1. Consider only pairs whose beta carbons are under 8 Å apart and that are at least six residues apart or on different chains; among these, list those whose first residue lies in the stretch 37-57 and is under 20 Å from residue 27 (Cβ atoms) and whose second residue is open to solvent by less than 100 Å² (accessible area, probe 1.4 Å).
2. Tally time: how many residues in the stretch 16-47 are assigned to a loop (DSSP other than H, G, I, E, B) and either open to solvent by less than 100 Å² (accessible area, probe 1.4 Å) or of a type in the set (A, V, I, L, M, F, W, C) (or both)?
Amino acid sequence: MATSRNHQGAHGIGQAEGQLQQQIEAATELQGGSKPDRDVKRAANRRDSELDEIIET
């Protein structure tokens, strides 16, 4: 029975983490996030980089 409780607890933790992530995303959309966060996200979504020039040559 302890195994079942542990499994239920783990499932509950996963749900809580998912809800927190959704709240973070919603708050970021409303508030715009911080400048460093926006810069990192923009850089991560960039299709080209300085490495492309090095690799192609």
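The values are calculated or read from the model by the stated rules, or taken from the named source; none is laboratory data. Just so we're clear, the structure is a prediction, and the values are computed from it rather than from any experiment. Cβ placement follows ideal geometry from the backbone for every residue including glycine, while neighbour counts extend to all protein chains displayed. Accessible surface areas use protein heavy atoms only, side chains included; no ligands, DNA or RNA. Shrake-Rupley method; radii C 1.70, N 1.55, O 1.52, S 1.80 Å.
1. Correct list of pairs: 37/28; 38/32; 41/33.
2. 3
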